[in-house]
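This report concerns only the one structure given below.
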Amino acid sequence: MTGKTRWSIEPPDGAGYPVISGPDIVYIAGAPVIALDASDGTQLWTYTDERAPNTSVQALLVDDALFVYGDRGVDRVDAFSGKRLWRSQLNALFGIALSGGELYTTYRGGLDVLNAADGAQRRTFSNDYKFAFDVAVTGRSLCYADGDFVHGLDTLTGRTRWQVGPFEEIPYFSELRDGVLAASTYDGKVCLIEAATGTVRWWLHGTGRTSTPVLSGGVVYVAVEHQGVLALDTVAPASKSSTKS
């Protein structure tokens, strides 16, 4: 291992966009979405939402499915060919998550559940909040964020089980793994929540501006402005100043 650069490309419009890595293909989630050969950076295909070609999009990659979403709804795109498989006209989406063959989509005023295979709407969870932002789900545990709180719902009934907060800033989530969810905010808070009960294992305050957390192998990874990357144990408190709830 040398750290030698294998290849590089000029980003679209000179701007920075999220990069999603698959085993053989790398995707740049911009307008358009660009698929690159992971071995040499060769462009394989592009995908444009012609309804709003200049609108920024986000994407979720699961196996051979790339779900592209933004202001106009969500499209399922074949991850290898770039061919659109279905389209769902929805409200402007803030977040999506996939579990058990169902796609959970959050938007202003609620949350819709779609059949991931064909895009058909299965059910809707409405709520009393103006916005539903990030979402994470596994089994019957569904977590979503509004402006101040993280809420835990039952995926079958839509019943609210718990809420955690207030955060004062919109929380952004890791994936939901091993029954826990990491949430961070732009103003420097990180916490770890047990998805079934809403129990907060620990809080970390005052880190500085943080990235969206990544949860893997019992560790929460979060990038902090001017500090680098923190690796936080999911079991023990994040630091001496952290508290358990």
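The values are calculated or read from the model by the stated rules, or taken from the named source; none is laboratory data. As the structure is a computational prediction, the values presented were derived from the model and not from experiment. Every residue, glycine among them, receives a Cβ derived from its backbone with ideal geometry; neighbour counts consider all protein chains shown. For the accessible areas, the whole protein counts, side chains as well, though only heavy atoms, and no ligand, DNA or RNA atoms are used. Shrake-Rupley method; radii C 1.70, N 1.55, O 1.52, S 1.80 Å.
Annotations
- Relative contact order for the chain, counting Cα pairs under 8 Å that sit 6 or more residues apart, in percent: 8
- Sorted on the mean count of surrounding Cβ atoms within 10 Å across their residues, most packed first, peptides 20-31, 180-191, 57-68 read 180-191, 57-68, 20-31.
- Three-way shape label, segment 133-245, alpha-carbon gyration tensor, a/c 1.5: prolate
- In nm, spacing of pseudo-spin labels at Glu169 and Thr124 (7 Å Cα→C-beta vector): 3.3
- Only the Cβ atoms of Lys and Arg (+1) and of Asp and Glu (-1) were treated as charged; on that basis the dipole of segment 100-245 about its Cα centre amounts to roughly 260 debye.
- Distance between the modelled labels on Glu225 and Thr46, one decimal in nanometres: 3.2 nm (7 Å Cα→Cβ projection).
- Comparing Cα centroids, segment 86-122 and segment 166-214 end up 23 angstrom apart.
- Average accessible surface area per residue within the chain, 1.4 Å rolling probe, Å²: 51
- A crude spin-label estimate for the pair Asp24 and Leu156, with each label 7 Å from Cα along the Cβ direction, gives 3.9 nm.
- Three-way shape label, segment 107-190, alpha-carbon gyration tensor, a/c 1.5: prolate
- Since only Trp45, Val57, Ile25 are under comparison, the one whose Cα sits farthest along the positive direction of the charge dipole of segment 24-67, derived from C-beta charges on Lys, Arg, Asp and Glu, is Val57.
- Thr212-Glu102 FRET efficiency (beta carbon distance; Förster radius 22 Å; 0.05 resolution): 0.45
- Of the labelled figures (1) 18.4, 53; (2) 19.3, 65; (3) 17.5, 59, only one reflects Rg and Dmax of the Cα atoms in Å as derived from the coordinates, namely (1).
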